[in-house]
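Asker: So that we are looking at the same thing, I have put the structure below in structure tokens.
The values are calculated or read from the model by the stated rules, or taken from the named source; none is laboratory data. Treat the numbers as computed from the prediction; the structure is a model and nothing was measured. Here the Cβ positions follow ideal geometry from the backbone for every residue, glycine too, while neighbour counts run over all protein chains shown. Surface areas here come from the heavy atoms of the whole protein model, side chains and all, with no ligands, DNA or RNA. Shrake-Rupley method; radii C 1.70, N 1.55, O 1.52, S 1.80 Å.
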Amino acid sequence: MGYFSDAATFDLCIRGGLIVDGSGGEPYVGDVAVRDGVIVAVGSVDGSGARDIDATGLVVTPGFVDLHTHYDGQAIWSDRLTPSSAHGVTTAVMGNCGVGFAPCRPEDHDVLVDVMAGVEDIPGVVMVDGLPWTWETFPEFLDTLDAGRRDIDVAALLPHSPLRVYVMGQRGVDREPATPEDLAQMRKLAAEAVGVGALGFASSRLTIHKTESGQPIPSYDAGHDEIEAIARGVDDAGGGLIQFVPDLVAGDYEPALQTVFDVASEVGLPVTFTLAIGNAGPAFFEDALRMVEKANQNAAAAEPVVTAQIFPRPIGLVLGLELSGNPFVMYPSYRQIAGLPLPERVAEMRKPEVRQRILADRPSSDGHPLMFAAQAWDYMYPLGDPPNYEPSQADSIGARARARGVDPLEEAYDRLLDDDGHAMLLVTLANFRDGSLDTVAELIRREDVVLGLGDGGAHYGMICDASFPTYLLTHWVRDRATGRLSMAEAIRQLTSVPARVAHLLDRGRIAVGYKADLNVLNPGALRLHKPVVAKDLPAGGRRLDQSADGYVATVVSGQIIAEHGVPTDARPGKLVRGRQPIPEVAS
């Protein structure tokens, strides 16, 4: 565990905390000493630190690893990757879903902005104002990331759609089949990307992943040969992860998953893919898990090489008058006033004649693909403070309307006007089977399931899910009536498990030789706040942000980036280039 004499000095020493080391083992009381960004002693540590933290009565954990983010833009224009870094995340993996900003020729900037605006709800003006486009190739993009200052570490996957457009131009945008020459070039560029630090590559075949102009994204129906060519390029450079989003909306996971699983097996690469649980109807997710089990049996590895990535609360949308969506956003009568400042809009909507006109209207057919859910009344709930992500079905807009004897449209209209129009509604699109998280409770205990899908850096006006680590530690460890996780297991799921999936084996544990990414928590004080609207994006763009109490300190590479929820001036975050081995001293 490491022992130093009285003469030993450290950059940081965290003393007397309950160490939950990320292994899943029994917590124990001890000290953690850090020097030069690395953990150098754990246990009973003598000597002195340039900075000491008294962690008596507190919990000390590794920093959290978030496998599924979209900070591709925010990591360029901002030095803080919130909400993630406000919830104990110290490493964020981006480039997921096969969308991103590199490689990209100057003439294709608008294409990638269109893709990101449609898929990830990042306003085009934000990207136009916030991205300098000082890169063309993927290596140049990583160099730009490497040169930046930020609070936490980032790692990147090579996104499929930009790669396809870079190689094929308009043919790639139009989703024409790749030629042998195209495939050879994709393989070469994939190897180049992994060679300079990509963790692997990401792709998507999700139906609702459309560009802002309404077209399927370039990777949507790419075939086996194209997936294989890119995978072989990854393997040529030493290997990496395949991240994949199947068509969750269609429900039939098998065709797309089988293609990726077959390629991964042939080439010898690990896979992690998005898994969602339908709220009702056929249990398609069970078919996907059977495929996972079979793939892992065939791989015969000590640990799963195929993992289903799941979100530990409902997958959903946040609706409101300040946000991208609400139940009336496609109503022509509402659109007439939608551009008014919020106070003026609320005043208009409170007028009886305006209320009657909007409620009597009908929606137009255009709009974001997710807006089909904006009137899912029995899956829609008021989102208060603190937010309740496992609400009672009796609190749904549909149930409340029935109790009042009114149309659900009226109940939703009235609730949107609460808090002077700042009110929010949560639509539980998935993972809320039979009105609870009981099915999620079963799945998050499986070794072939990994936590993720926080989507930090994306869906700025629809989703605020990057706070899921705090939710895991409050709801799943402390507050839920049944099916709770132990603190040791929850921390393992937030640290060493995602680190293993991404092959970032130098972090996710508290042990000598590991990277000094740490959290000091007050479990009893942990509290998740309601999302708020922040207007801090380039061009004055707005986004949802979410904070928490109970984080006494978050440490990245031995430097404290936040204390008691207040960020410091430290910006030690780096670009993680490629897969990382277990530290030699720990192996």
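Asker: Pop a pseudo-label 7 angstrom from the Cα along the beta-carbon direction at both residue 213 and residue 300 and give the gap in nm to one decimal.
Answerer: Output for this residue pair reads 5.1 nm.
Asker: Ignoring any ligand, DNA or RNA, what whole percent of the accessible area of the chain comes from carbon and sulfur when the probe is 1.4 angstrom?
Answerer: Its accessible area is 49 percent carbon and sulfur atoms.
Asker: Hey, another quick one. Taking only complete DSSP H runs, can you tell me which helices of the chain stretch 20 Å or more along their own long axis by Cα positions and average at least 0.5 on the Kyte-Doolittle scale? List each step's numbers first, then the result.
Answerer: On the way: long enough: 180-196 (25 Å, 0.04); 284-299 (23 Å, -0.53).
Helices passing the filter in the chain: none found.
Asker: Can you give me the C-alpha center-to-center distance between the range 19-97 and the range 433-466, rounded to a whole angstrom?
Answerer: For the range 19-97 versus the range 433-466, the Cα centre distance is 21 Å.
Asker: Ranking request for peptides 302-315, 498-511, 374-387: highest mean number of other beta-carbon atoms within 10 Å first, then the rest in descending order. Before the final figure, lay out the partial values.
Answerer: Details: 302-315: 21.6, 498-511: 23.4, 374-387: 19.9.
With the highest mean Cβ count within 10 Å placed first, the list reads 498-511, 302-315, 374-387.
Asker: Could you compute how fast the range 318-430 diffuses translationally, taking Rh as the Kirkwood radius over C-alpha pairs and applying Stokes-Einstein at 20 °C with viscosity 1.002 mPa s? Give it in µm² per second.
Answerer: Approximately 151 µm²/s, per Stokes-Einstein.
Asker: Shifting gears a bit: Based on alpha-carbon centroids, what's the gap between the range 127-181 and the range 261-308 in Å, whole number please?
Answerer: About 27 Å separates the Cα centre of the range 127-181 from the one of the range 261-308.
Asker: Suppose all protein chains stay in the model; what accessible area per residue would a 1.4 Å probe give for the chain, in Å²?
Answerer: Numbers: 21030 Å² over 587 residues.
For the chain, the per-residue accessible area is 36 Å².
Asker: Based on the Cβ-Cβ distance of residue 447 and residue 146, what FRET efficiency does E = 1/(1 + (r/R0)^6) give at R0 = 51 Å, to the nearest 0.05?
Answerer: With a Förster radius of 51 Å, E is 0.90.
Asker: Given the options 544, 559, 526, identify the residue whose Cα lies farthest towards the positive end of the charge dipole of the range 496-585 (+1 on Cβ of Lys, Arg; -1 on Cβ of Asp, Glu).
Answerer: 544
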